[in-house]
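Chemist: Okay, handing you the structure first.
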Amino acid sequence: MGGISTPALAAAVSNAGGLGGLGMWGCSPEDAARRIAGFRQQSGGSLNVNYPLWPEPGFTAEISEEMRRHLQAHYDAKGLGVVPEPQGAASDVSPEHVAMLVEVRPEMVSFHFGLPNPEIVQAIKAAGIFVVSSATTVAEARMLEQGGVDAIIAQGTEAGGHRATFSGVPVSMQPGLFSLLPQVVDAVSVPVIAAGGVSDGRTAAAAFVLGASAVQLGTAFMRCEEANLRDAQRAALAEADDSCTLVTDVVSGRAARYIRNRLVDDLVGSGLKPLPLPAQLSLTSPLGDSGDREWTVLFSGQSAALARNTNAAELVQRLAEETTQRLRAFA
Ligand SMILES: Cc1cc2nc3c(=O)[nH]c(=O)nc-3n(C[C@H](O)[C@H](O)[C@H](O)COP(=O)(O)O)c2cc1C
């Protein structure tokens with residue numbers, strides 16, 4: 001979860017018996033190594049290091065200026081000054097990142113939006129690191145298996161954060177986890193990790209019954225005290241309900257699920273084409289500096305209301321207990 005995931009959060013998850021993850025969204029190899037060292041200081045457990053992959057965000061000055069002009073009125077209303085120039089470079093796993101990974105050897109490396117080139121996957125695997133990536137359709141799962149992953153995350157549409165899709169399949173055609181998971185399990189021979197809406201013992205048990213070998217939670221961990229979140233995001237998650245989110249590309253430049261607020265409505269209503277990820281986010285995210293929930297980027301999955309304000313150790317422990325109880329009850 002990029003900067004929302006902290007070494008303290010990942011360490012608390014791993015110390016409680018889960019597999020903590022650290023997002024390396026926009027991190028230099030030095031920053032990434034520092035984050036991993038921060039984890040190692042707090043945990044002797046296993047670590048997943050995550051790299052989202054996207055190309056250089058290309059856009060014309062005309063598109064950028066139109067978006068900046070549109071947002072300027074909102075910046076003015078919040079006293080936030082001039083809309084910044086859009087920022088953001090390609091996100092890939094550079095040779096320096098690979099060298100760092102091979103040296104510090106996190107137990108797992110996961111990717112979002114597909115896989116890097118085969119040489120990089122091979123170099124990471126050759127270091128004994130378990131490699132995974134997310135699929136939003138059966139076709140994507142097959143592509144990942146062919147690409148050499150050790151396991152596949154099946155990401156249902158319930159999920160918070162960015163849609164992991166890398167094959168161009170439209171969001172409205174992507175399946176929810178209940179449909180996706182058993183079909184991916186049938187289609188591939190590697191273990192499948194269920195993601196999207198898993199938040200408590202019931203949902204985790206259901207994923208195992210549908211064939212998952214593990215579950216991955218994002219939104220539920222956002223409600224943990226170790227997560228790096230704005231107050232407005234915390235408050236919005238605490239009041240979320242089942243139908244408050246939507247998937248759109250207007251906020252970041254790539255499809256992701258958010259709690260609907262005025263920021264989303266305004267951008268959708270503007271009809272303007274967003275800049276590509278992450279350039280669009282560099283323009284929209286600062287509006288959250290105002291502290292106003294209506295203008296803050298509110299990433300969330302559909303099951304935020306099933307989660308609680310807690311800490312990561314308690315969440316992992318409760319999940320393990322409740323899931324076991326549920327599975328025993330059905331056995
Ligand atoms: C705020 C947020 C940021 C996320 N960022 C990433 C990311 O950088 N890389 C990644 O592989 N998955 C990312 N995810 C997706 C999760 O890995 C996972 O698919 C999702 O959270 C599961 O659904 P849930 O949110 O309902 O638990 C993110 C999720 C959230 C909520």
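The values are calculated or read from the model by the stated rules, or taken from the named source; none is laboratory data. Everything numeric here is computed off the predicted structure, so don't read it as measured data. Note that we place each Cβ from the backbone using ideal geometry, even for glycine, and neighbour counts take in every protein chain shown. To get the accessible areas, we keep the full protein, side chains included, count just its heavy atoms, and leave off ligands, DNA and RNA. Shrake-Rupley method; radii C 1.70, N 1.55, O 1.52, S 1.80 Å.
Chemist: Pick out, from Gly148, Gln317, Tyr258, the residue whose Cα sits farthest towards the positive end of the charge dipole of the chain, with +1 on the Cβ of Lys and Arg and -1 on the Cβ of Asp and Glu.
Modeler: Gln317
Chemist: Rounded to whole Å, give me the distance from the Cα center of region 168-217 to that of region 45-111.
Modeler: For region 168-217 versus region 45-111, the Cα centre distance is 27 Å.
Chemist: Placing +1 at every Lys and Arg Cβ and -1 at every Asp and Glu Cβ, with all other atoms neutral, what dipole size does the chain have around its Cα centre, in debye to the nearest 20? All intermediate terms of the calculation are to be shown ahead of the outcome.
Modeler: On the way: 24 positive and 34 negative charges, 116 e Å.
Charge dipole of the chain: 560 debye, to the nearest 20.
Chemist: Also: In degrees from 0 to 90, rounded to the nearest 10, what is the angle of the helix 95-104 Cα long axis to the longest principal axis of the chain?
Modeler: The angle comes out near 40 degrees.
Chemist: Output ³J(HN,Hα) for region 114-126: one whole-Hz value per residue in order, computed from phi by the Karplus curve 6.51 cos²θ - 1.76 cosθ + 1.60 with θ = phi - 60°, and x for Gly and Pro.
Modeler: Whole-Hz 3J(HN,Hα) from phi for region 114-126: x, 10, x, 5, x, 4, 5, 4, 5, 4, 6, 5, 5.
Chemist: Compute the accessible area per residue over region 171-231, keeping the other protein chains in place, probe 1.4 Å, unit Å². Please list the in-between numbers first.
Modeler: Working: 2600 Å² over 61 residues.
For region 171-231, the per-residue accessible area is 43 Å².
Chemist: Could you give me the percent of Cα pairs per 10 Å distance bin for the chain, shortest bin first, beginning at zero and ending with the bin that holds the maximum distance?
Modeler: P(r) over the chain, rounded to whole percents: 6, 26, 36, 25, 7, 1, 0.
Chemist: So, one more: I'd like the trypsin sites (Lys or Arg not before Pro) in region 39-73 restricted to DSSP loop residues with at most 15 other Cβ atoms within 10 Å, sorted by number.
Modeler: Details: sites: Arg40, Arg68, Arg69; in loops: none.
Those that pass, being in a loop and sparsely packed, number zero.
Chemist: Note the angle between two axes, namely the Cα long axis of helix 177-187 and the longest principal axis of the Cα atoms of the chain, as a number of degrees from 0 to 90, rounded to the nearest 10.
Modeler: 50 degrees
Chemist: For region 234-280, take the alpha-carbon Rg, divide it by the Kirkwood Rh, and send me Rg/Rh. The partial results should precede the final answer.
Modeler: Numbers: Rg = 11.3 Å, Rh = 11.2 Å.
When Rh is taken as the Kirkwood radius, the ratio is 1.00.
Chemist: Could you rank Glu85, Glu140, Glu322 by how accessible they are, 1.4 Å probe, largest area first? Display every interim value, and only then the final one.
Modeler: Details: Glu85 105, Glu140 0, Glu322 50 Å².
Per-residue accessible area, sorted high to low, gives Glu85, Glu322, Glu140.
Chemist: Moving on to the next point. Largest first, how would Met1, Met24 line up by accessible area (1.4 Å probe)?
Modeler: Values: Met1 85, Met24 5 Å².
Largest accessible area first, the list is Met1, Met24.
Chemist: Could you list which residues have their amide H under 5 Å from that of His112, counting only those 5 or more apart in sequence or on another chain, with H placed in the peptide plane?
Modeler: Here Tyr51, Leu53 satisfy the definition.
Chemist: Let me ask you something else. On alpha carbon coordinates alone, what is the Rg over Rh value for region 134-290, Rh being the Kirkwood radius?
Modeler: Working: Rg = 16.4 Å, Rh = 16.7 Å.
Over the Cα atoms of region 134-290, Rg/Rh equals 0.99.
Chemist: Okay, next question. Could I have the simple spin-label model distance between Glu294 and Val209, label points 7 Å from Cα toward Cβ, reported in nm to one decimal?
Modeler: It is 4.3 nm.
Chemist: Starting from the Cα of Leu53, step 7 Å along the direction of its Cβ; do the same at Phe330; then give the gap between the two resulting points in nm.
Modeler: That separation, rounded to one decimal, is 3.3 nm.
Chemist: Under unit Cβ charges (Lys, Arg +1; Asp, Glu -1), what dipole magnitude, rounded to 20 debye, does region 13-100 have relative to its Cα centre? Please report the intermediate quantities before stating the final value.
Modeler: Numbers: 6 positive and 10 negative charges, 103 e Å.
So the magnitude is around 500 debye.
Chemist: Rounded, prolate or oblate: which fits region 109-169, taking a ≥ b ≥ c as square roots of the Cα gyration tensor eigenvalues, rounded meaning a/c under 1.5, else prolate when a/b beats b/c?
Modeler: Values: a/c = 2.19, a/b = 1.81, b/c = 1.21.
Taking the square roots of the gyration eigenvalues as a ≥ b ≥ c, region 109-169 is prolate.
Chemist: If you don't mind, there's one more thing I want to ask. For region 157-315, give the magnitude of the charge dipole about the Cα centre (Cβ charges: +1 Lys/Arg, -1 Asp/Glu; no others), in debye to the nearest 20. All intermediate terms of the calculation are to be shown ahead of the outcome.
Modeler: On the way: 12 positive and 16 negative charges, 60 e Å.
That gives a dipole near 280 debye.
Chemist: Right, next: Once you sort the root eigenvalues of the Cα gyration tensor of region 69-201 as a ≥ b ≥ c, which label holds: rounded (a/c under 1.5), prolate (a/b larger than b/c) or oblate (the other case)? Display every interim value, and only then the final one.
Modeler: Values: a/c = 2.36, a/b = 1.33, b/c = 1.77.
Judged from the Cα gyration tensor, region 69-201 comes out oblate (a/c at least 1.5, b/c at or above a/b).
Chemist: Given an 8 Å cut-off on Cα distances and at least 6 residues of separation, report the relative contact order of region 79-159 as a percent. Numbers along the way, then the final one.
Modeler: Working: 84 pairs, mean separation 19.4, N = 81.
Relative CO of region 79-159 lands at 24 percent.
Chemist: Mean separation of Cα pairs under 8 Å and 6+ residues apart, divided by the residue count of the chain: what relative contact order is that in percent?
Modeler: Details: 680 pairs, mean separation 60.4, N = 331.
Relative contact order comes out at 18 percent.
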